[in-house]
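A.B. asks: Got a structure for you, written out below as structure tokens; questions coming shortly.
The values are calculated or read from the model by the stated rules, or taken from the named source; none is laboratory data. Please read these numbers as outputs of a predicted model, since none were measured by experiment. No Cβ is skipped: glycine too gets one built from the backbone with ideal geometry, and neighbour counts run over all protein chains shown.
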Amino acid sequence: MLQKTSPYMRQANLIGGEWVQADSGATIDVVNPATRLKIGTVPKAGRAETRRAIEAADAAFVTWKKTSVLERHKLLRKLHDAIMDNQQTLAELLTMEQGKSLTEAKGEVAISAAYILWFAEEGRRTYGDVVPSPWADRRVLVTKEPTGVVAAITPWNFPSSMLARKIGPALAAGCTAVVKPASQTPYSGLAWGALAEEAGFPKGVINIVTGSAGEIGDEICANPLVKKITFTGSTEVGKILLQKAASTVKKVSMELGGNAPFLVFDDADVKRAVEGAIVAKYRNSGQTCVCTNRFFVQAGIYDEFVEKFAEATAKLKVGPGLEEGTQQGPLIDMRAVEKVEELVGDATARGGKVVTGGRRHALGGSFYEPTVIAEATPSMRFMREEIFGPVAPVFRFETEEEAIRLANDTEYGLACYFYTGDLGRAFRVMEGLKYGMVGVNEGLITTVEAPFGGVKESGLGREGGHQGIDDYLDTKYVCIGGLGL
Ligand code: NAP
């Protein structure tokens, strides 16, 4: 039985505290990628509904920004508790619409709650400054104020946690929000509305619209009431939003695509590297922005690494996410499968060797076999393109300089990983890699306490860490004169 119902599955939008349908009554079907069966529908909203959501958020901002940090802290803690009290239910909903294994979905729900708790705490530490004044009779203060209405747009691969690290800092800072979840996985986004109601957030503080991405995006970008856009998704769409947001000079943060390299040097612990490679490649069936896209392995251990990595890959259990023991769910849709097939076809035509996998899975639908391709070369498409699937190309290199050059040869700069037993090399390589996040002898590095984000075309701004709340605050300088001192 793979189809379940959930008390958190809302088939409506939340605008100003009311659960509503699209003005036109139009809806979008939501499908379970494991079964291809329809789960339900969500409203297909457009510009008018988005405008009302923005106006509701703007109206709520008037009072929300005046709540004390402690009040907001308490509400966010309640939100954290509501999430964790319903971890299983929320994870089932997430698996049903997204496909990932229930274990991974529970992990995602837990990290969502952890982000909320982290920002509940960080909200209390948004310190300003009292600056030593250059004038004897004046005093200089620097304060932090909530930016205003924040619009958040998120992708389908982490439909819960990508919102957590936007909603958490926004609400903690005193901002209000208009949220647009991805059309393929809207329920985990809409669940935030139900959870926020349960925790006691005032009406209008969180508004959620689903529907036409172009129309919703256009309204968000053009509406002067929106003061900040926070987006997670493809670099392509990020660039469109950056251009459109320029018309009203909004603050922007962008978490965009990646092309993560994973370097294994001759002096690495191969067993540890293989364990890290499995996590860094196959989490969410390879559909994460920090998933390894390219493995670079030094010639001396190349054959050993490929053999052990392929052996571990072949053991991964593929199946519907809700089924006990599943480690790899389906890909999000058939387009994703076709893209993976194209990339594998391109690689084999250019001399790549499929060591394991390389085909659609016998389960059919959008299931694809976890795949390792040896003898990868820079002429292959996955040198430049995000694979976003369970395919691991393994390139061979000779020297440290060559490895760093190949790893940096991309317009992306999100996450990277490398394995070495040499401390000097660890520092040289870490400093040589042009990425926002580096895992040294670690393949899984995301945590709420650290700043997540990229350089180059992987984005702008950071989420998580103490840095993650900065983008939701405006700095105000106040000069107080006439003090008669
Ligand atoms: P996407 O196509 O860019 O979509 C992301 C979101 O943007 C969805 O909600 C989508 O809505 C919306 N959207 C699409 N076109 C839009 C437009 N013209 N105006 C406004 N919104 C628009 O990305 P995706 O395929 O869902 O997600 C995969 C990508 O996200 C990958 O590139 C991955 O690397 C990246 N990602 C980055 C991070 C990070 O933190 N750096 C994290 C996760 C994922 P619809 O669903 O309605 O089309």
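A.B. asks: Step by step: first the residues of segment 200-231, then only those that are of a type in the set (A, V, I, L, M) and in contact with a helix residue (DSSP H, G or I) (Cβ under 6 Å, 6 or more places away or on another chain), then the one that is farthest from the ligand (Cβ to nearest atom). Which residue is that?
C.D. replies: Val205
Residue-wise test of (1) closer than 21 Å to Gly443 by Cα; (2) among the hydrophobic types (A, V, I, L, M, F, W, C).
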position: Thr313; (1), (2): yes, no
position: Gly319; (1), (2): no, no
position: Glu323; (1), (2): no, no
position: Glu341; (1), (2): no, no
position: Ala347; (1), (2): no, yes
position: Gly365; (1), (2): no, no
position: Ser379; (1), (2): no, no
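A.B. asks: When segment 431-485 is examined, which residues are found to be surrounded by 22 or more Cβ atoms within 10 Å (Cβ to Cβ), over 30 Å from Gly421 (Cα atoms) and among the β-branched types (Val, Ile, Thr)?
C.D. replies: Within segment 431-485, Ile469 is the sole residue that qualifies.
A.B. asks: For segment 233-270, give me each residue that is away from the ligand (no atom under 16 Å from the Cβ) and either in a helix (DSSP H, G or I) or modelled with pLDDT under 95 (or both).
C.D. replies: Val270
A.B. asks: His73 - would you say it is surrounded by 15 or more Cβ atoms within 10 Å (Cβ to Cβ) and farther than 21 Å from Ala194 by Cβ?
C.D. replies: yes
A.B. asks: Oh, and also: Out of the strands (runs of 3 or more DSSP E) lying entirely within segment 80-199, which hold 1 or more residues that are of a type in the set (Lys, Arg) and more than 16 Å from the ligand (Cβ to nearest atom)?
C.D. replies: Fully inside segment 80-199 and qualifying: 139-146.
A.B. asks: Return the residues of segment 232-250 that are more than 19 Å from Asn157 (Cβ to Cβ) and touching a helix residue (DSSP H, G or I) at 6+ places or on another chain (Cβ under 6 Å); say none if nothing qualifies.
C.D. replies: Result: Lys244, Ala245.
A.B. asks: Something else: Name the pairs whose Cβ atoms lie under 9 Å apart, with the first residue in segment 379-407 and assigned to a strand (DSSP E or B), the second at pLDDT below 95, and 6 or more positions between them or separate chains?
C.D. replies: Close Cβ pairs (under 9 Å, with a partner that is at pLDDT below 95) amount to Val391/Phe382; Pro393/Phe382.
A.B. asks: Are any residues in segment 422-472 more than 16 Å from the ligand (Cβ to nearest atom), of a type in the set (Phe, Trp, Tyr) and touching a residue at least 40 places away in the same chain (Cβ under 8 Å), and if so, which ones?
C.D. replies: Correct list: Tyr472 only.
A.B. asks: Could you please find all residues in segment 154-184 being free of Cβ contacts under 8 Å to residues at least 60 places away in the same chain and surrounded by fewer than 24 Cβ atoms within 10 Å (Cβ to Cβ)?
C.D. replies: Result: Ala182, single match.
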